[in-house]
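The values are calculated or read from the model by the stated rules, or taken from the named source; none is laboratory data. In this text, all values refer to a predicted model and were calculated from it rather than measured experimentally. All Cβ positions, even for glycine, are placed from backbone atoms using ideal geometry, and neighbour counts span all protein chains on display. Quick note on the areas: whole protein, heavy atoms, side chains included, nothing else; ligands and nucleic acids left out. Shrake-Rupley method; radii C 1.70, N 1.55, O 1.52, S 1.80 Å.
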Amino acid sequence: MDASDDLLRKAYPSALVTLGGVVRRLNAPMATALGKPAVQCVGRDFAALLPAGQRVSAERLVAQGATGRRLAMNVLEFPGPGGASVVFLVEARLAEDSAGGERLVWVHSLDSKNDLASLLIPFRLAAKAAGLGLWMYSPADRQLEWIGGAPAMAALFPNPTVALSRVIARVHPDDQKALRRLMLPTSAQSPWIELRFRTDHSGWHHLACQARRVDLGHGGPELTFGVVRDDTEQKGHKQDMQAALTVEQERADLITDFSSALITATTEQRLRQVVLTRLATTFEGAGALLALIDEDRSLRVSTDAGISPEEADCLHGLSLDDPDPVSEAIRTGKPQVIGSQEDYVRRWPHGAALSWVDLPSSGRAALITPLGRVDGQPLGAWAVIYDRDCRPSLDERALMDTLAGLASQALGRVRAQEAYVDLATAVQSSMLPTLPPHLPGLEVAARYRPSRKGLDIGGDWYDAFVLPDGAVGLEIGDVQGHDVDAAAFMGQIRASMRTIAAHEPAPGTVLSRINELLVTMDAPRFASCTMLHIDGDGQVTGTSGGHVPMLCAHEDGSHEVLKLPGGPVLGVVRDTGYSEKTFALDQDSALVLVTDGVVEGPGLTLDDGLERAGTLAAEALQEGLSTEATADRVLEAADAVDHLDDLAVLVIRRS
């Protein structure tokens, strides 16, 4: 055994450790290799001072050296100073402490200057086991050398040694800066980076790389080592999966949008729009067709831009009894699948579309789905047309059936509601009066516009009549609610006001009597109303029961808002009096009475709406328009209100 003091005088890293691996003494080169001051190493487990991946190898090396029976040698990686690790070929053998006679293990590096390749063997084996490629870069000569690892990775680099500039030239321009940073890492180990690398034989590859700084041997060169992994296949698979997921998500979004639009469609026109803008796109077709049944059992056909007018004309007006796949689908309630042009000709040799089935040999296919029935009567069908031979899958056909079911429900609901609205509108219109052809001393124009944007109607009304004293009574009002009951309730109020006014013509008295009547009846609704009494001299007496203010427009283009006194809406508070106001209506002026739908809504405040309507009325008078034209002009104010309510307008001038 060598004397322990002599062993530590060596110029290369040396340490004396116990048979259990605890450091007793070490020289300065070993402390430098461990990256710690000597005092922080003494008394510590030698293996614990090395990187985690090296500890097992270090423990085995010391244990083998402690036996004294065999040569114990291994390549170990040390932390090193300044961030770069150091790789040594390390030997461990028995030694004796010259001071105390304790048996120790001498751990020291061997000179590998003439065999640096031996230091790379563990790296090659580890890279190969992990399926990685291993390369080495020398900053001094700017050469990159392929030194082993997975054989499949070696195929990417047919030349084992290549200039860095040539490697960079094969890297995607957007990734070249990252590669340059990788070659000169500022820390002991870089993070993984991704870059695109072009090969001669297989195009672009997606590579993942990591680099580390390593000193080979004591006093040896500092090099950059790197590992590389080819993620091309994985990346392609991931991209394929991502693309498939994106397509599926887009398809799901289309279906969700289609379903939601069908559910919320409130008119037949809106339903046609929903179907023809979404059907072909949802099922990747070239065009879409919607055929609805008219009362005479003929087809009323609508199409999108993917179907020519000539094709639509062949089907429009077709009878359900005619031999055609659309008629058959509606008649039998069974979907019809046309796989190609030949399929159509074979199955429907007398079909209505034969006149335009003259397409190229690529064929044309269609999936026709019936819309179902309401009260035993068929509603129609829709069709997706394909510009290729196609037989939709069972899943596609099931989805088509589901959406067609939603369309059937929507169409049945729309038609029921439209019939309801038509009935309610007819009831309401029948209760609105025809203005008398002659009202003493006055010109009066009235307008009413029902709301057809939604599924409801309103209870707006107006009236004008001659009173027993020769004066004219005028009223405008709005009943709470939007249904047939509201329209009927409006008719009752209007008739009652006429009856009361014939005996007690003062507007305040009329509204008080109507209010008491509604409260006593415990009416389920309330109403707002403005009533005027105008005599032959143009004296106006008016009151308001919670109604919007009226307007007074003048021929000079000015106008003002007139807020009449009165009381709350009718039918709510018992024993309510309605005060009146009397003023003169000049010859150059006009009174304009409106319901709230004209001047108030989501798009306009009441004040702004009144200002707009007043301006339009004053402009009409300034232009010399009649009361009829002025009423039309005021009704235009509703376009800026964006209101779903119905509308009523009264325009009054002295004749």
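Annotations
- When residues of the range 633-655 are limited to those that are open to solvent by 70 Å² or more (accessible area, probe 1.4 Å) and touching a strand residue (DSSP E or B) at 6+ places or on another chain (Cβ under 9 Å), the one modelled with the lowest pLDDT: ASP642
- Subset tally (residues that are among the aliphatic types (A, V, I, L, M), open to solvent by 50 Å² or more (accessible area, probe 1.4 Å) and within 19 Å of HIS201 (Cβ to Cβ)) for the range 132-170: 3
- Selection within the range 430-485: residues that are acidic (Asp, Glu) and at pLDDT 70 or above. The member of this set that is farthest from the chain's Cα centre (by Cα) is ASP469.
- Total residues in the range 1-49 satisfying the condition of being under 14 Å from GLU91 (Cα atoms) and either in a strand (DSSP E or B) or without any contact (Cβ under 8 Å) to a residue 12 or more places away in the chain (or both): the figure is 4.
- For the range 275-307, the set of residues classified as without any contact (Cβ under 8 Å) to a residue 24 or more places away in the chain and in contact with a helix residue (DSSP H, G or I) (Cβ under 6 Å, 6 or more places away or on another chain) consists of VAL301 only.
- Pairs linking a residue in the range 594-610 that is over 12 Å from MET550 (Cα atoms) and open to solvent by less than 40 Å² (accessible area, probe 1.4 Å) to a residue that is at pLDDT 90 or above and not aliphatic (A, V, I, L, M), with Cβ atoms under 8 Å and 6 or more positions apart or on different chains, are LEU604/ARG612.
- In the range 282-295, residue farthest from the chain's Cα centre (by Cα) [restricted to those that are within 17 Å of GLY376 (Cβ to Cβ) and either open to solvent by 50 Å² or more (accessible area, probe 1.4 Å) or not assigned by the TED database to the domain that holds CYS390 (or both)]: GLU295
- Residue check, LEU518 modelled with pLDDT of 90 or more, in the same structural domain as VAL599 (by the TED database) and either assigned to a helix (DSSP H, G or I) or closer than 18 Å to GLY597 by Cβ (or both): no
- Criterion: open to solvent by less than 20 Å² (accessible area, probe 1.4 Å), among the aliphatic types (A, V, I, L, M) and either touching a helix residue (DSSP H, G or I) at 6+ places or on another chain (Cβ under 7 Å) or more than 30 Å from ARG270 (Cβ to Cβ) (or both) - qualifying residue of LEU245, LEU223: LEU223
- Verdict on THR332 being open to solvent by less than 20 Å² (accessible area, probe 1.4 Å) and either modelled with pLDDT of 80 or more or at positive phi (or both): no
- Hey, LEU179 farther than 24 Å from GLY53 by Cα and in contact with a Phe, Trp or Tyr (Cβ under 8 Å, 6 or more places away or on another chain) or not: no
- Taking first residues from the range 505-522 that are over 16 Å from GLY473 (Cα atoms) and partners that are among the hydroxyl-bearing types (Ser, Thr, Tyr) and surrounded by fewer than 23 Cβ atoms within 10 Å (Cβ to Cβ), the Cβ contacts under 6 Å between residues at least 6 apart in sequence or on separate chains come to ASN515/THR576.
- The number of residues in the range 371-386 that are out of contact with any helix residue (DSSP H, G or I) (no Cβ under 7 Å at 6 or more places or on another chain) and over 18 Å from ARG278 (Cβ atoms) comes to 4.
- Meets criteria (part of a loop (DSSP other than H, G, I, E, B) and more than 46 Å from the chain's Cα centre (by Cα)) for GLY148: no
- On the stretch given as the range 86-131, residues that are out of contact with any His (no Cβ under 9 Å at 6 or more places or on another chain) and either part of a helix (DSSP H, G or I) or crowded, with 22+ Cβ neighbours inside 10 Å (or both) total 19.
- Residue within the range 60-82 that is in contact (Cβ under 8 Å) with a residue 24 or more places away in the chain, among the small types (Gly, Ala, Ser) and part of a strand (DSSP E or B) present: no
- Restricted to the range 43-56, and to residues there that are at pLDDT 90 or above and among the small types (Gly, Ala, Ser), the residue that is surrounded by the most Cβ atoms within 10 Å (Cβ to Cβ) is ALA47.
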